[in-house]
Amino acid sequence: MKPWPRSLLTLIGFLALFGGAAYAQVPGAPPVEFPYTGNRTAVWIVAQLHILFAAFILGAPIFVVISEWLGYRKQDPRYDRLAKEVTKVTVILYSMTALTGGLFIFVLLATYPQFTTWLINHFFMVFAVIYPLLFIGETFVLYTYFYTWDDWKGNKKARHIALGVLLNLIGTITLFVIDGPTSFMNTPVKGEGISPAEFLETATLWDKIYNYTWMPLNVHRLVGNVTFGGFIAGMIAAYMYMSTTKDEERSYYDWMGFVGNLIGVGALLFLPFMGYLLSYELCDYDASICPYMMADQLSMFFEMQGAMIGLIFLASNYYIWMSMKRIQGVEKVRMTILAPIVMVTLPVVMTKVMTDYPVPDPMSLAFLLPMLLSPVIFGRFIPITVSARTIIKVGFLMIVVGDAIWMTPHGFVPTGAKLVAELELPSDWNFLALMPAKNSAAFTLVFVTVVNYVIYNRAISQGTIVWGRIDFVSQFVLIFLAFSAIWTMGLMGAVRSLLRKYFHTYNLMPDFTAESFTPTLSYSAWWITGITVVFFSVVSFAIFVTLRASHPKDHVPEGSPVPAGAK
Amino acid sequence: MGKAIFKIIIGLLVGAGLWVGTMALEFPPVFRWMFFAYAILGTVVFLVLDAPSMKPMNGAKAFGAVLVFYVILCVVYIAGASLWPQYDPEDEKGKIEKLLKAKREASEQGKADELIARVKALDEQAKALAERIKALGGDLAPPVQGTGGPGAPASTAAAGDMLKIGEDQWQLQECYNCHKLKGEGGKKRGPELDNIGSLMSMDDIKQKILDPKSWMTEGFEKEFEKGKMPDKYKDLMEDKDVVALAVWLSTFKNTSVNTPKSIKKK
C-alpha cells in the first residue's frame, strides 16, 4: 500500500478516536441497538479486532528489532530481510489498528454511553492526553523507522536499531497505559473495610491504574504479543514459501518460517505461567471469580483452552520434528536416558510436590529444580543414551498425556450446580482436576518442547541443514499455529471480559442491559472464529499487497524498437 | 502400510486398556470415553509423525489448499466448542434480574430524588413570588398549592417468607461455590455449614457476611489471612437480604456434620 492511503487510514483512526472522546462529553445520548448481533456482541467484535491488530503491531517490532540486530551482528542479510518484510506488514496493520480503535470508541459510546462516559471521566488524562500522545509518537517513530531502513545502513545501522528500540519502548508504554483502564474494569481499586465506590472517590489516577491485575495483564499481553508476532511471521513465511517456485526463495522462506516459529514457541513457553499469574491475582482480588472461571459458568471455556493449547504444542513440536528430518546427520544425535525418564515421571512427581507444597511455596522448587536439571547435571555420568528420534517420540506421547491431564474436568457439566455422580470424577481421582495437576501438565508440555529444541540445537551442530527442503506440510503447520494461537487469544480475551459477570466494571458499574449474561461456549466460538477469519483476511491481503508486490517478476528485456510499419 | 496398521492396533489396545482400567476404577462412562479418545489422539499423532511427505504446491492449487484448510479449521473449532456441555444463559438471566433489581431501583430512585429536589426548589420559588405579590398588596395571587414530596406512601413490603428469601440469597450469591450445605456444593474453599446454627447466632453470621475478617474459622486460618471470603457483600446485598440469609443459615443445626468453630476477631 502506498503511503497516502496508509496515512489516510491512520488519520481516520485518529479522527474517530478524538471525535469519540469529544462525543463522550455530550450528555444524555440515547444508546443504539445493533441489529442481529446485539450491542454487547457488536462491541466484542470491534474490540477483539482492534486488540488483534494492536497485538501484532506491538509484538512484531520486538522481534523485528532483535532480528535486525542479529543481522547486523552476524552480518547475515536474511535477518535484515526478515525484519524489513515484517515491518512492511506492520506498517499496513498499524493503520488498521488506528481505524479499528476509533471504531471501537464510537461503537462503545453509541451502545453504552453512560458507562463509557463514566470510564473516560475516570481516566480522562489517559484517554485524552497520554494515550493520544503515545500513539502520535509511535506513528512518527514507526514511519521514520520504516522509511529510513535503506538510508541508515552500514555505519548508520546502529542508529536505525536504536530507533527500533525506541519504537518498542513507546509501544510497550502504550500497552501498559491502556492496560490501566482495561484491568481496572476487572479489578477496580478497593480498600479494606470500605466500599469500592467510596474508595474510588478519593483514588488518584495512579491508584486506578495500579490495580490488582494491571502488571499481570501487562506481562501476559507483552509475552502474548511476541508469541502472536512470531506465529504471524511464520504464517507470512508459509504464504511466501507457497507462492514461489525458486529454490533460493524457498530456502529463505523456509528459514524465516523456522525463525518465526522459534520466536513464537519461545514466548509461548512462558504464556501458561503468565496466564496463571493473572488468574492468581484475579482470584486473590475476589475468590468468587475463581469458581466462576474454573468450576462454574466458564469452566468449559477452559476445557476448550486446554484443547487448543494441546493442539498448539503438538503442532509446534511437529514442526521441530519436520525441521529435524531435513538435517543431514541427525541420526547420529543422542541424549542421556535421564531426559525421557524425567519427561515420563514429571507429571506424577510434580503433581505430588505441588499438592504438598502449593505455589508459591519455595520448597516445591527444592524438589523440582534438581529433577528438571538432572539430565544436564547427571547426564554426563550415566553412559546410557537414547536416539533423538526416540526422545522426540516419547515427548509426543507425554504431550498427549499432559494435555489429557490438563483437560480432565471435575465434572462434565457447564456449571457446578448441575453436577451429578454420573458426570463427576471419582473422589479418589479428584486430584486430576485440581491446580497442582494442571500445573504439572503445563510444565510437561513446556519441558518436552525445551528438550526438543535442545536436541535440534545438537542436531544442527553435528549435521547440515538443507534449507528449502522441509516437508511441504510444514507450511500448513505454520498457518495452523498462527490461526490457532489467535483463536485461543480470542477465547481467553472473551473469558477475561466475561469475568466481570453482570458488571461493566466489576462490583462498581452494573450492566443493566438484557445482554449481561454468560453466553454459551458455542455462541462464543462462532464469533471468535468469525473475528479470526476477518483478521486473517486483512492480514493475508496486507501480506499479498506488500510482499508480493515487492518481488517483481523476472526482468523482461525490453524489445528492440520496432519501426512503425515494420512487418 | 504395515507399520500404520500396527500403530492403529496398538492405539486401539491402549484405548481398550484405558477403558477397562477406568471402568474398574469406577469412572463414569463419559470419562472412559474421554480416555479412549486420548488413546485415539495419540494414535493419530504417531501416524502423522511417520506419514509420507507432502508434494509441494504453488499458484492456484496452493491458494485453494490454504482456503480449504482454513474452512476445515473453522468447522473443527466451532464444532469442537459446541460439543462441550453448554451453559444455559436462561439459568443466569433470572438470577441477574433479581440481583440487580435493587441497584436498578436505586438508580431510578436516584433520578426520582433529583426530580423531587427540582420540584421543591420550584415550590420555594413560587412561594417567594407569592410572598412578594402579597407584599405588593395583591391579594389576587392564587393560593400556592404545595407540590408535596413524591406523594407515594412509604412502601411497606410484606414481610414475606424470610427463610425463602435467605435460601434464594444462598443461590443468588453462589455461596455454594465455596461452602457445602445439605451435601451439595463446596470445594473445600470454605467450611461446611450444616451445623452453623449451633455454633453462631444470626447476628454473628450476619457480621461474618458483612465483614469476613470479623470471624476466623478453625482450619481455615490461611484462607482467613489471605482474605479468601470476598469483602463485597455489604456493597452487593441489601441489609434485609443479609438478615434473611443469616436467619436461614442459623436454622442449620445438624450436629452430625463437623462444621468447624469460628473465633471472633473483631
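Below, the figures for the structure above:
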read-out: Other-chain or far-sequence residues with amide H under 5 Å of B:Thr217's (modelled H); value: B:Ile263
read-out: Separation in nanometres of the label points that stand 7 Å from Cα toward Cβ, at A:Val348 and B:Lys103; value: 4.9
read-out: Projected-area mean, the range B:162-264, by convex hull of Cα positions, square nanometres; value: 5.6
read-out: Average beta carbon contacts from partner chains per residue of B:229-235, 10 Å cutoff; value: 5
read-out: Rg over Rh [alpha-carbon atoms, Kirkwood Rh] for chain B; value: 1.27
read-out: In sequence order, calculated HN-Hα J values of the range A:283-292 (Karplus, 6.51, -1.76, 1.60; Hz; x Gly/Pro); value: 5, 5, 5, 8, 4, 6, 5, 4, x, 4
read-out: Simple spin-label estimate for B:Lys61 and A:Asp151 in nanometres, 7 Å along Cα-Cβ; value: 4.6
read-out: Value of relative contact order over the range B:162-264, rounded to a whole percent, pairs C-alpha under 8 Å and six or more apart; value: 41
read-out: Choice from B:Met34, B:Met229, B:Met216 showing the highest fluctuation, given a GNM over chain B with Cα pairs closer than 10 Å; value: B:Met34
read-out: Inter-part distance where the range B:45-59 and the range B:176-204 are each reduced to a Cα centre, Å; value: 58
read-out: GNM top mover of B:Ser214, B:Ser53, B:Ser107 - chain B, alpha-carbon springs below 10 Å; value: B:Ser53
read-out: Karplus-derived HN-Hα couplings along the range A:311-322 (A = 6.51, B = -1.76, C = 1.60, θ = phi - 60°), whole Hz, x at Gly and Pro; value: 5, 5, 5, 4, 5, 5, 6, 5, 5, 4, 4, 5
read-out: Average partner coverage of B:13-22, which counts Cβ from other chains inside 10 Å; value: 0
read-out: Average beta-carbon neighbours from other chains, 10 Å sphere, peptide A:420-428; value: 3
read-out: FRET efficiency, 1/(1 + (r/R0)^6) with R0 56 Å, evaluated for A:Trp118 and A:Glu249 via beta carbons; value: 0.55
read-out: Hits among aspartates and glutamates - C-alpha to C-alpha of A:Lys246 under 17 Å, sequence gap 8 or more where chains match; value: A:Asp254, A:Asp471, A:Asp554
read-out: Whole-number percent relative contact order across the range A:378-489, with pairs defined as alpha carbons under 8 Å at least 6 apart; value: 28
read-out: 5 angstrom amide H check on A:Met509, placed H, neighbours 5+ away; value: A:His504
read-out: Under the Karplus curve 6.51 cos²θ - 1.76 cosθ + 1.60, θ = phi - 60°, whole-Hz ³J(HN,Hα) for the range A:97-104, x wherever Gly or Pro sits; value: 5, 5, 5, 5, x, x, 4, 4
read-out: Helix-only CD estimate at 222 nm, as mean residue ellipticity for chain A, using -39500 (n - 2.57) per DSSP H run (n ≥ 4); value: -24000 deg cm²/dmol
read-out: Gaussian network model of chain B, Cα within-10 Å springs - most flexible of B:Asn58, B:Asn195, B:Asn177; value: B:Asn58
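Here, each number is a calculation from the coordinates, and none is a lab measurement. Note that the structure is a prediction, hence the values are computed from the model and not measured. Counting neighbours? That spans all protein chains shown, and the Cβs are built from the backbone with ideal geometry, glycine included.
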